Amino acid sequence: MGGVCKKTIVAISACLAMTACAAKHAEPSPEELVKRQARSVHLYYADCPREGVDSATATVTVRKSYPGSYFAAMVWNTGYCGIQELPDGGHVVIFSVWDPVDPFDFSAKPENVHEDLQAKVLYADPLMDVARFGGEGSGVRTMAGFGWKEDQGVGFKVDSEPDGETRTKYTCYVRMADGSTGDWYKLATISTIRRKAAVKGMTTLYSFVEDFSRNYKSAQNVRRAEFSDIYLLHDGAWHKAETAYFSADNTPSTNVDAGRIAETGAFFLANGGDTENATTPIGGRIK
């Protein structure tokens, strides 16, 4: 991994928070949303049990990117990890965990969460930049420069385990899918309070592709990524995710798509530019 400019990260985090808040309060028209941003698209994995999983893996392979894009390999009920192309073209890896708050609260401020309730970093690789975030829920984010490339798979693994009576800790690992980086590389371990006492693992697992530049030009460009090697550890065994549901945010764009690659079995997501919804309708099941 390479280093990443801390000032750049702070500026981007602030920009994203302000964009989210502005989006909520300005309430742009549907026509304006279509012009401004590519529609965010998601794959919800139906194989993830409600009681949660102890560990999960996923590989994301970006086929087409554009500055200001996020390719989330895994999102679960309390965190997320993946790779981004920043607005300045820099490539980074990111792993974040929410405080026990509503992740869709676009007015959330990290300083409003009492220290005892905050997500806490138990370990972070020295190259990871660590910061609190707000504007889309609140929590703690770890990020570092990471030289991912288009057509090169990046593997992620997240382990969850109880951290005392009320918390769960999550550890995120990364590696290049072609084996060029060897074994799993530990990024960070973050602990947070469980929102539901009975759920100690990871639930509601999904992947997504997002345009976070939302600068009008970004909507005119394609993002496409494939998601593979999705395995879930529960009941003492690894299970491969075989079914996903295609969803999208409320931007009323039609240039989105999702499906499976026949040759490899990988799922794919695409949005923006000349993408056509030719494979799976929004809300459709992919198997």
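Shape call for the chain from the C-alpha gyration tensor, a ≥ b ≥ c root eigenvalues: rounded (a/c under 1.5), prolate (a/b greater than b/c) or oblate? The partial results should precede the final answer.
On the way: a/c = 1.35, a/b = 1.12, b/c = 1.20.
Rounded.
Can you give the calculated 222 nm mean residue ellipticity of the chain, where each DSSP H run of n ≥ 4 adds -39,500 (n - 2.57) and the sum is split over every residue, rounded to the nearest 500 deg cm²/dmol? Display every interim value, and only then the final one.
On the way: 2 runs with 28 residues, N = 287.
About -3000 deg cm²/dmol.
Can you compute the charge dipole magnitude of the chain about its Cα centre, using +1 on each Lys and Arg Cβ and -1 on each Asp and Glu Cβ, nothing else charged? Give it in debye, rounded to the nearest 20. Before the final figure, lay out each step's value.
Values: 31 positive and 36 negative charges, 44 e Å.
Taking the Cα centre of the chain as origin, the dipole is about 220 debye.
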**Asked** Hey, what's the Cα Rg ratio for the range 89-142 versus the globular rule of thumb, 2.2 N^0.38 Å?
**Response** 1.17
**Message:** Just to compare against my own numbers: the Cα pair-distance distribution for the range 149-287, 10 Å bins, whole % per bin, please.
**Reply:** 10, 31, 34, 22, 3, 0
**Fill in**
Sorted by chain and then number, the residues having a modelled amide H within less than 5 Å of the amide H of Ile286, at least 5 places away or on another chain, are Ala244, Tyr245, Phe246
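What's the longest piece of the chain with no exposed GluC sites (Glu not before Pro), counting a site as exposed if DSSP puts it in a loop and it has at most 11 other beta carbons within 10 Å? Walk me through the numbers before you get to the answer.
Details: sites that count: Glu165, Glu263, Glu276.
Excluding the exposed sites themselves, the longest stretch runs over 1-164.
Kirkwood Rh and Cα-based Rg: tell me the resulting Rg over Rh for the range 63-190, rounded to two decimals. Walk me through the intermediate numbers first.
Numbers: Rg = 14.8 Å, Rh = 15.3 Å.
Using only Cα positions, Rg/Rh for the range 63-190 is 0.97.
Roughly how large, in nm² to one decimal, is the mean projection of the convex hull of the alpha-carbon atoms in the range 49-112?
Working: hull surface 24.7 nm².
Its Cα hull, projected and averaged over all orientations, spans 6.2 nm².
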**Prompt:** Along the charge dipole of the range 75-149, Cβ charges K/R +1 and D/E -1, which of Trp148, Thr78, His114 sits furthest on the positive end?
**Reply:** Trp148
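Read the figures in this text as sums done on the coordinates, not as results from a lab. Fair warning: this is a prediction, and the values are worked out from it, not measured in the lab. Every residue, glycine among them, receives a Cβ derived from its backbone with ideal geometry; neighbour counts consider all protein chains shown.
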